[in-house]
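Each remark here refers to the structure printed beneath this line.
The values are calculated or read from the model by the stated rules, or taken from the named source; none is laboratory data. For clarity, every value in this text was computed on a predicted model and none was experimentally measured. With ideal geometry, Cβ positions are generated from the backbone for all residues, glycine too; neighbour counts draw on all protein chains shown.
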Amino acid sequence: MQTIILDQPGHFRLTTSAAPATPGPGEALVRVHRVGICGTDIHAFYGRQPFFSYPRILGHELGVEVVAVGRGVDAPRVGDRCAVEPYLNCGTCIACRRGRPNCCTSLQVLGVHTDGGMREYMIVPATKLHVSAQLSFEQLALVETLGIGAHAVQRAQLAPGEQVLVIGAGPIGLAAMQFAHLADAEVIALDVSAHRLAFAQAQGTADHAILGGADALAQLLELTHGDLPTAVFDATGNPQSMMQAFQYVAHTGKLIFVSLVQGEITFNDPHFHRRELTLLATRNATPDDFRRIIAQIESGAINTIPWITHRAPTEQLIERFPSWLQPDSGLVKGMLMLV
Ligand SMILES: [Zn+2]
Ligand SMILES: [Zn+2]
């Protein structure tokens, strides 16, 4: 079967590999139709993904079709279209026992820690498949990206009408804006790119846009009538931005770190204490997040059409990929089309 392997940083290879054997108990054999390309894949391509080993088959944002199931699997059934929850968890650690498999102490993410979906067929645990009779494979491949934002917003427990700030209007920030908007919050987007801000506003999920710069705090104060936002999401992956974000949160508010950085984040304790801030980390997404997002796309609450800006069939991905990474490419979400 056709397989794309990232042999080493900067070097993909299209090859053929042996098709997987029949699925074991509790497993499903799936045909991969669509693979979303994400920041994690781009970091791996550049060799900037920490604790990453090569060679690796990338791909954790997957729209798949079930082609066989192992013993004991009642659902999904052969022929079902599914999104894949790519977080393989142990089931017994403290996080798993507390219903938070997204941050299992020995988490293995498909396409990151273990081989992912840039291949025609793969075997996954059946419990990691989330079925939809309505969504396209492309929409199913978007569910994981949306999940990061959905989970962040779920963690923040927003109240309707709350003024929230999302820093960083890349795919993760856009997803956070989407779910904050669905929670009836008033969404302010902050980014250093006017192009990205324009995209966020065109999606209709950001009510206001602030171009990052020296007067960002003043603009935030003005938009919130001196209060500042009561929830601030940082989706920049930039330590300076994350440290700066402490100043943007209202007294009693919440600061949610969605994207992560390697290294230290420091903050001024009086900034933190005076406001009695709540600081939250958010990681991956839960099975509930997956089910909720699928229902929200099915109902039309989420419009997935603007998300996918770039596509490539298997034979052309390797050639096109570097051009997608150019700053002027306008990439939001690229899709590998295997079928
Ligand atoms: Zn991703
Ligand atoms: Zn666990």
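Identify, from the list Ala189, Ala206, Ala198, Ala176, the residue that is within 30 Å of Gln49 (Cβ to Cβ), touching a residue at least 40 places away in the same chain (Cβ under 8 Å), in contact with a strand residue (DSSP E or B) (Cβ under 8 Å, 6 or more places away or on another chain) and not in a loop (DSSP other than H, G, I, E, B).
Ala176
Within region 89-115, count every residue that is touching a Pro at 6+ places or on another chain (Cβ under 7 Å) and within 16 Å of ligand 1 (Cβ to nearest atom).
Of the residues in that region, 3 qualify.
Could you list all residues from region 1-53 that are assigned to a loop (DSSP other than H, G, I, E, B) and small (Gly, Ala, Ser)?
Answer for region 1-53, where residues must be assigned to a loop (DSSP other than H, G, I, E, B) and small (Gly, Ala, Ser): Gly10, Ser17, Ala18, Ala19, Ala21, Gly24, Gly26, Gly47, Ser53.
What are the pairs, 6+ residues apart or on separate chains, where a residue within region 37-53 that is in contact (Cβ under 8 Å) with a residue 60 or more places away in the chain and under 17 Å from Trp324 (Cα atoms) has its Cβ under 6 Å from a residue that is outside any loop (DSSP other than H, G, I, E, B) and near ligand 1 (Cβ under 10 Å from one of its atoms)?
Note: pairs meeting the criteria are Cys38/Glu61.
Tell me which residues, restricted to region 97-140, are under 23 Å from Arg56 (Cα atoms), assigned to a loop (DSSP other than H, G, I, E, B) and within 15 Å of ligand 2 (Cβ to nearest atom).
Once the filter is applied, which keeps residues that are under 23 Å from Arg56 (Cα atoms), assigned to a loop (DSSP other than H, G, I, E, B) and within 15 Å of ligand 2 (Cβ to nearest atom), region 97-140 yields Cys104, Thr105, Ser106, Leu107, His113.
Pick out the one residue from Val66, Val32 that is at pLDDT 95 or above and either within 16 Å of ligand 1 (Cβ to nearest atom) or exposed (fewer than 12 other Cβ atoms within 10 Å of the Cβ) (or both).
Within the list Val66, Val32, the selection yields Val32.
Tell me, which helices (runs of 4 or more DSSP H) lie completely within region 237-339 with 2 or more residues that are under 25 Å from Glu222 (Cβ atoms)?
It comes to 239-244, 269-274.
If only one of Arg97, Arg71, Arg119 is surrounded by 19 or more Cβ atoms within 10 Å (Cβ to Cβ), over 20 Å from the mean Cα position of the chain (by Cα) and either on the phi < 0 side of the Ramachandran plot or without any contact (Cβ under 8 Å) to a residue 24 or more places away in the chain (or both), which one is it?
Arg119
Working only within region 217-248, note down all residues that are in contact with a helix residue (DSSP H, G or I) (Cβ under 6 Å, 6 or more places away or on another chain), under 18 Å from Asp269 (Cα atoms) and aliphatic (A, V, I, L, M).
Val232
Inside region 123-171, can you point out the residues that are touching a residue at least 60 places away in the same chain (Cβ under 8 Å) and of a type in the set (Lys, Arg)?
Matches in region 123-171: Arg155 only.
Taking the criterion of being in contact (Cβ under 8 Å) with a residue 40 or more places away in the chain, of a type in the set (Asp, Glu), part of a loop (DSSP other than H, G, I, E, B) and in contact with a strand residue (DSSP E or B) (Cβ under 6 Å, 6 or more places away or on another chain), would at least one residue in region 76-86 satisfy it?
Checking region 76-86: at least one residue is in contact (Cβ under 8 Å) with a residue 40 or more places away in the chain, of a type in the set (Asp, Glu), part of a loop (DSSP other than H, G, I, E, B) and in contact with a strand residue (DSSP E or B) (Cβ under 6 Å, 6 or more places away or on another chain).
Just one of Ala231, Ala250, Ala285, Ala218 is closer than 16 Å to Gly168 by Cβ and among the hydrophobic types (A, V, I, L, M, F, W, C); which is it?
Ala231
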